[in-house]
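A quick write-up on the structure given underneath.
Just so it is clear, none of the values below were taken in a lab; they were calculated from the coordinates. Note that the structure is a prediction, hence the values are computed from the model and not measured. All Cβ positions, glycine included, derive from the backbone under ideal geometry; neighbour counts span all protein chains shown.
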Amino acid sequence: MKTCVIGSINMDLVAVVDRFPQPGETIIGRDFATYPGGKGGNQAVALGRLGADVLMVGKVGNDSFGEQYLNNLRVNGVSNDGIKIHEGISTGIAVIEVDTAGENHIVVIPGANGKVDREFIEEKWNLIINRDIFLFQLEIPLDAVLYAVKNLKEAGKLIILDPAPARELPDEIYKCIDYITPNETEIAVLTGTEIDEDGDLEKAGRKLVEKGVKHVVIKAGKRGAYLATRDDFIHVPGFGVQSVDTTAAGDSFNAGLAFALARGDDILESIRFANAVGAISTTAKGAQSAMPSLMEVESFINQQTVNE
């Protein structure tokens, strides 16, 4: 089955500093690097690295960051036929300061991501409709997400929504979603439920099922994930790894879930596979650079099975 990611494309500009400057102060930084990011781009690259047939749909600006990102997608096996270069606006940017204690200050400029609207979805529809499984996030305008999700559900497509950044959503979107993948913070925002223990997760998951979602997959970091459906609440344990950088672990999880579903795995097998992809992605620095290949994931899972 063919996959498609409709979402955000950002370039992360990261400055490492000993401490954050005061207003009006100039300080000397330790290091600087640029990294491809954005939840949409991250999920597409994770799918590409696994070997999926994946189309990225989104926008970049007519600038050097946009060119860099298009090349990055190609290198990672992602089709960028669904990407438009939007004139007169920057590629999405995240300006990030990180201090030596690991704290950060982040300024996000949506740029071209903010121009992903209904008209653009319609413009790319002939490409989009030929895909089978769709991944969405919330870093492009919600109106465009809602419009695409509704039309794709009417066409019988499978929809996965990563509700991040967390925000309240209109009730009408839930009945169009096959799989929603919030973490513990996000499901609290979606349902207004205070999360202190697993029982709260089950209660929150049931609320989303009652709104029309078929499968609620709650990401719980090292603990793995929880599946809530109309009939069940099941814990799928995570994998123990030495985490170095958890950036984009959730995006890697979503890609793993979509990949496994696309190849015909059942839901519990798919979540276990997603847990493995997410875990491996935390074992090296960087977001996309740490995302694993299919061979790496299968070897990792086989090793865990032997140990069990």
Completion exercise
Restricted to pairs 8 or more residues apart or on different chains, the lysines in the stretch 174-308 with C-alpha atoms under 29 Å apart form a number of pairs equal to 16
Exercise for the section: Taking a cut-off of 27 Å between Cα atoms, list the lysines near LYS84, but don't count ones fewer than 8 places away on the same chain. Expected result: LYS2, LYS39, LYS59, LYS115, LYS124, LYS150, LYS153, LYS157
Fill in the blank from the handout: Dipole check, the chain, charges on Cβ (K,R +1; D,E -1), about Cα centroid: among PRO110, VAL209, LEU127 the Cα furthest to the positive pole belongs to LEU127
Practice task
Enumerate the calculated ³J(HN,Hα) couplings along the stretch 30-44 in order (Karplus 6.51 cos²θ - 1.76 cosθ + 1.60, θ = phi - 60°), each rounded to whole Hz, writing x wherever the residue is Gly or Pro.
Solution key: 8, 7, 8, 8, 10, 9, x, x, x, 4, x, x, 4, 5, 5
Fill in the blank from the handout: Compactness summary of the chain: radius of gyration and Dmax from Cα atoms, Å, are 18.9, 58
Problem - For peptides 298-304, 287-293, 110-116, sequence by mean Cβ density within 10 Å, most packed first - result: 110-116, 287-293, 298-304
Practice task
Provide the per-residue ³J(HN,Hα) series for the stretch 201-217, in order, calculated from phi with Karplus coefficients 6.51, -1.76, 1.60 and θ = phi - 60°, each as a whole number of Hz, with x at glycine and proline positions.
Solution key: 4, 5, 4, 5, x, 4, 4, 6, 4, 4, 7, x, 6, 6, 9, 9, 10
Practice task
In debye, nearest 20, what is the charge dipole magnitude of the chain about its Cα centre with +1 on Lys and Arg Cβ and -1 on Asp and Glu Cβ, if you could check?
Solution key: 640
Practice task
Kindly write out, for the stretch 12-25 in residue order, the coupling ³J(HN,Hα) from the Karplus curve 6.51 cos²θ - 1.76 cosθ + 1.60 (θ = phi - 60°), rounded to whole Hz, with x marking Gly and Pro.
Solution key: 8, 10, 10, 10, 9, 10, 5, 8, 7, x, 7, x, x, 9
Practice task
For the stretch 40-154, list log₁₀ I(q)/I(0) at each q in 0.13 Å⁻¹, using the Debye formula over Cα point scatterers of equal strength and ignoring solvent, two decimals each.
Solution key: -0.53
Problem - Mean-position separation - Cα centroids, the stretch 58-77 and the stretch 79-114, in angstrom - result: 12
Practice task
Scan around GLY82 for amide H atoms under 5 Å from its own, H built in the peptide plane at 1.01 Å from N, and keep only partners 5 or more places away or cross-chain.
Solution key: MET56
Handout entry: By average C-beta atoms within 10 angstrom, highest first, the peptides 35-48, 143-156, 53-66
Key = 35-48, 53-66, 143-156
Completion exercise
With bins of 10 Å, the percent of all Cα-Cα pairs of the stretch 96-253 per bin from 0 is 10, 35, 34, 19, 3
Practice task
Quick one: which residues, 5+ away or cross-chain, put their amide H under 5 Å from the amide H of GLY61? H built at 1.01 Å from N.
Solution key: GLY66, HIS86, THR91, GLY92, ALA112
Exercise for the section: Count the DSSP beta bridges whose two residues both fall in the chain, then state the antiparallel fraction as a percent rounded to the nearest 5. Expected result: 40
Fill in the blank from the handout: Relative contact order of the chain (C-alpha contacts under 8 Å, at least 6 apart) in percent is 16
